[in-house]
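Have a look at the structure below before the remarks.
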Amino acid sequence: MAGPKDYSIEELSGIAAQIRVDIIKMLEEAGSGHSAGPLGLADIFTALYFNILKHDPKNPDWPQRDILILSNGHCVPVRYATMAHVGYFPISELKTLRKFGSRLQGHPERLRLPGMETTSGPLGSGLSQACGMALALRMDSADHRWVYVVMSDGEQDEGNTWEAAMLASKYKLSNLIAITDRNNIQIDGPTETVMPLEDLHAKWEAFGWYVMEIDGNDIEAVIEAYHMAKAIVNQPVMILARTIPGKGVDFMEYDFHWHGKPPSHAEAKIALHEIRTLGGKIKGEHQ
Amino acid sequence: MTDIYLAHGKSVLEPIRKGFGRGLLEAGQRYDNVVAACADLTESTQMHMFAEAFPDRFVEVGVAEQNLVTVGAGLAAMGKIPFVSSYAAFSPGRNWEQIRTTICLNDQPVKVIGSHAGISVGPDGATHQMLEDIALMRSLPNMVVLAPCDSIEAAKATLAMAKDKRPNYMRLAREATPIITTAQTPFEIGKAYVFRPGEEVTIVATGTMTYQALEAAKILAKDRIEVEVIHAPTIKPLDESLIIKSAKKTGLVLTAEEGQIAGGLGGAVAELLSEHQPTRLFRIGMKDRFGESGEPDELLKHFGLDADHIAMSVHHLLMTHRKADRGE
């Protein structure tokens with residue numbers, strides 16, 4: 001795939017729903033892992049892999065590819081599921097998540113899975129690795145390649161994040177586009193209770209970034225934001241994407257307790273039915 | 001190797017870090033993919049020559065050591081060979097997890113340079129006297145750990161690192177120390193070298209302590225004690241066969257390093273010998289304590305890291321060793 005293929009927004013929404021189904025199945029099978037974040041990020045990952053990124057699933061090391069960094073490695077189920085759907089590996093492999101011998105480690109590892117650009121999990125270091133990559137592209141005058149970062153709001157508690165924010169601004173890394181999964185939860189509770197982050201928009205702006213705010217569960221808005229971000233020169237771009245943690249599963253939505261646990265078999269059944277019927281709005285495929 | 005050392009004697013002094021600076025410049029000239037980043041210590045860590053020669057290949061990250069090594073990991077991911085430098089107390093002192101995850105687990109060929117390591121940093125005091133870096137870096141899978149003994153070797157080590165595909169850590173010292181090797185002295189990552197052959201005692205030394213060990217050997221020679229001095233510029237992977245061979249021959253081994261013996265070279269040699277060649281061992285280095293302000297020579301003496309102390313330790317050990325042999 002030399003460039004993004006044209007999918008309609010409806011098609012992309014359908015793909016995002018399938019990805020959510022697989023996230024639930026993977027986590028249920030694994031018996032551990034994070035639910036809320038990956039579900040909330042399904043629309044962003046669908047937009048990235050099926051529209052924005054220049055990549056080739058059959059040639060993960062394609063030298064002209066764009067780079068996608070997942071900084072908050074615990075959300076990797078959404079990346080695995082999206083990579084499987086876009087053709088990096090068979091969808092059937094998703095059920096090996098977190099199992100012994102699997103390429104799909106609990107937190108992503110570069111050396112285990114082709115197409116996984118970095119190893120991540122410990123928070124706050126994705127953006128700075130992306131800075132290094134963007135600098136390298138600049139040194140090589142590879143102006144046609146982009147570095148995308150997906151990061152969480154909670155990891156902005158980490159000082160390393162802001163060290164990177166300063167560097168990207170200093171070097172005017174306009175080939176770096178970050179998106180924050182602003183879902184307002186972290187393990188111990190709401191972000192604004194654990195360690196208030198707001199005013200995030202003002203913070204990133206003060207650090208010299210071009211900042212956008214969007215609905216991160218609106219695929220069209222995500223795609224538009226990325227297109228606009230690519231038009232910004234002389235500044236790195238931060239897209240603050242408001243997402244609903246646990247999106248698509250009513251009993252998980254907005255509830256920080258689902259940050260770090262998987263659904264039980266019974267819960268998974270309910271969740272899958274809900275995603276497949278879009279919350280009862282349509283008839284499920286197996287009904 | 002003895003001759004090489006004696007050819008120089010004690011007269012020529014130069015900080016080890018200067019050799020790194022020259023080596024980096026040369027590596028930059030030889031290899032287009034060599035780049036560098038520094039955390040506000042460009043001249044101190046001797047990166048300034050590279051930075052001036054290759055401004056487009058140099059990144060100044062400010063006082064941000066976590067960012068330093070992760071930016072390095074990103075540069076490496078795109079095919080660069082990044083050298084990233086700060087004081088050892090801060091890098092790898094402050095950013096160990098980032099080195100672990102983004103460099104070692106990621107297996108990126110980032111070259112972490114920890115300057116001003118050891119007690120000989122002197123007046124700056126305990127906060128800046130990095131003593132735990134060898135232990136910190138040695139415990140990381142994929143990481144290579146180097147401690148050259150002089151500026152000439154540091155330049156060679158830097159060029160070798162530029163070609164090495166693994167994550168590397170190299171510790172450097174601040175003070176001017178004697179040049180004890182020449183351009184002809186061999187250097188290869190993973191190899192240790194017999195700098196002075198001897199039959200009775202083995203001293204395995206690294207970094208600045210190799211000079212002290214050689215001086216101790218001279219003192220001991222006057223008392224007709226022939227010490228074998230092995231210089232181990234690579235602490236990981238250790239040159240196991242050379243050390244085992246010497247331990248077999250002498251039956252008595254000392255280690256010498258400017259750092260904590262726990263987990264340092266002393267720890268590495270203790271692990272090696274106790275598994276493969278159980279030998280009486282004495283470790284010279286910092287013994288579970290911090291340093292303090294003072295002049296380098298004063299501190300080396302105070303903490304028992306100078307040639308006199310090493311020689312005294314050898315005397316003492318030989319005495320107890322021989323008594324034990326006689327069954328006393």
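Here, each number is a calculation from the coordinates, and none is a lab measurement. No experiment lies behind these values; they were computed from the predicted model shown. So basically every Cβ, Gly included, is an ideal-geometry build from the backbone, and we count neighbours across all protein chains shown.
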Which cross-chain or sequence-distant (5 or more) residues have an amide H under 5 Å from the amide H of A:GLN186, H modelled 1.01 Å from N in plane?
-> A:THR191
Rounded to the nearest 500, what is the 222 nm mean residue ellipticity of the protein assembly as shown from helices alone, with -39500 (n - 2.57) per DSSP H run of 4+ residues and division by all residues?
-> -11500 deg cm²/dmol
Across B:51-60, the residue-averaged tally of Cβ atoms belonging to other chains within 10 Å stands at 2
Of B:LYS222/B:LYS287; B:LYS18/B:LYS287; B:LYS18/B:LYS156; B:LYS165/B:LYS236, which ones are farther than 23 Å apart at the Cα?
-> B:LYS222/B:LYS287; B:LYS18/B:LYS287
Fluctuation leader among A:ILE179, A:ILE187, A:ILE15 - chain A, Gaussian network, Cα springs under 10 angstrom | A:ILE187
What angle do you read, to the nearest 10 degrees and between 0 and 90, between the alpha-carbon axis of helix B:307-325 and the longest principal axis of chain B?
-> 50 degrees
Given Cβ charges of +1 for Lys and Arg and -1 for Asp and Glu, the option among B:THR250, B:GLN212, B:LEU272 whose Cα lies farthest towards the positive end of the dipole of region B:196-295 is B:THR250
Those aspartates and glutamates that a straight Cα-Cα span of less than 17 Å connects to A:LYS99, excepting residues fewer than 8 apart in one chain | A:ASP22, A:GLU28, A:GLU29, A:GLU109
How big is D for region A:164-222, in µm² s⁻¹ as a whole number, if Stokes-Einstein is applied with the Kirkwood radius of its Cα pairs at 4 °C and 1.567 mPa s?
-> 99 µm²/s
One point scatterer per Cα, no solvent, Debye formula: log10 I(q)/I(0) for the protein assembly as shown at q = 0.10 Å⁻¹ comes out as -0.87
Straight-line reach from A:LYS170: which lysines have Cα under 26 Å away, leaving out those fewer than 8 places along the same chain?
-> A:LYS203, A:LYS230, B:LYS80, B:LYS111
Specify the angular offset, from 0 to 90 degrees and rounded to the nearest 10, of the alpha carbon long axis of helix A:9-30 from the longest principal axis of the alpha carbons in chain A.
-> 70 degrees
Exposure proxy ranking, count of Cβ atoms within 10 Å, fewest first, for B:THR202, A:THR96, A:THR46 = A:THR96, B:THR202, A:THR46
Can you pull the mean other chain C-beta count within 10 Å for peptide A:113-125?
-> 4
Lys, Arg +1 and Asp, Glu -1 on Cβ, resulting dipole of region B:103-259 about Cα centre, debye, nearest 20 | 380 debye
Where the centroid of each part is defined by its Cα atoms, how far is region B:294-328 from region A:47-64 in Å?
-> 63 Å
Average partner chain C-beta neighbours within 10 Å, per residue of B:75-84?
-> 5
Using unit Cβ charges (K, R positive; D, E negative) and no other charged atoms, how large, in debye to the nearest 20, is the dipole of chain B about its Cα centre?
-> 740 debye
Could you point to the residue in B:VAL121, B:ASN106, B:GLY294 farthest towards the positive end of chain B's charge dipole, with +1 and -1 charges on the Cβ of Lys/Arg and Asp/Glu respectively?
-> B:ASN106
For B:ALA176 and A:ALA231, FRET efficiency with R0 = 60 Å and r from the beta-carbon atoms, rounded to 0.05?
-> 0.65
Only Lys, Arg, Asp and Glu count, each charged at its Cβ (+1, +1, -1, -1), so figure out the dipole size of region B:14-178 about its Cα centre, rounded to 20 debye.
-> 460 debye
Point-to-point label distance, B:LEU318-B:PHE290, nm (Cα→Cβ direction, 7 Å offset) | 3.9 nm
For region B:14-178, the Cα convex hull volume per residue in Å³ comes to 90 Å³
Give the distance, in whole Å, between the Cα centre of region B:167-188 and the Cα centre of region A:85-110.
-> 45 Å
For helix A:76-86, what angle does its Cα long axis make with the longest principal axis of chain A, in degrees from 0 to 90 and rounded to 10?
-> 90 degrees
Placed amide H near B:GLU14: partners under 5 Å, 5+ positions off or other chain = B:THR177, B:ILE179
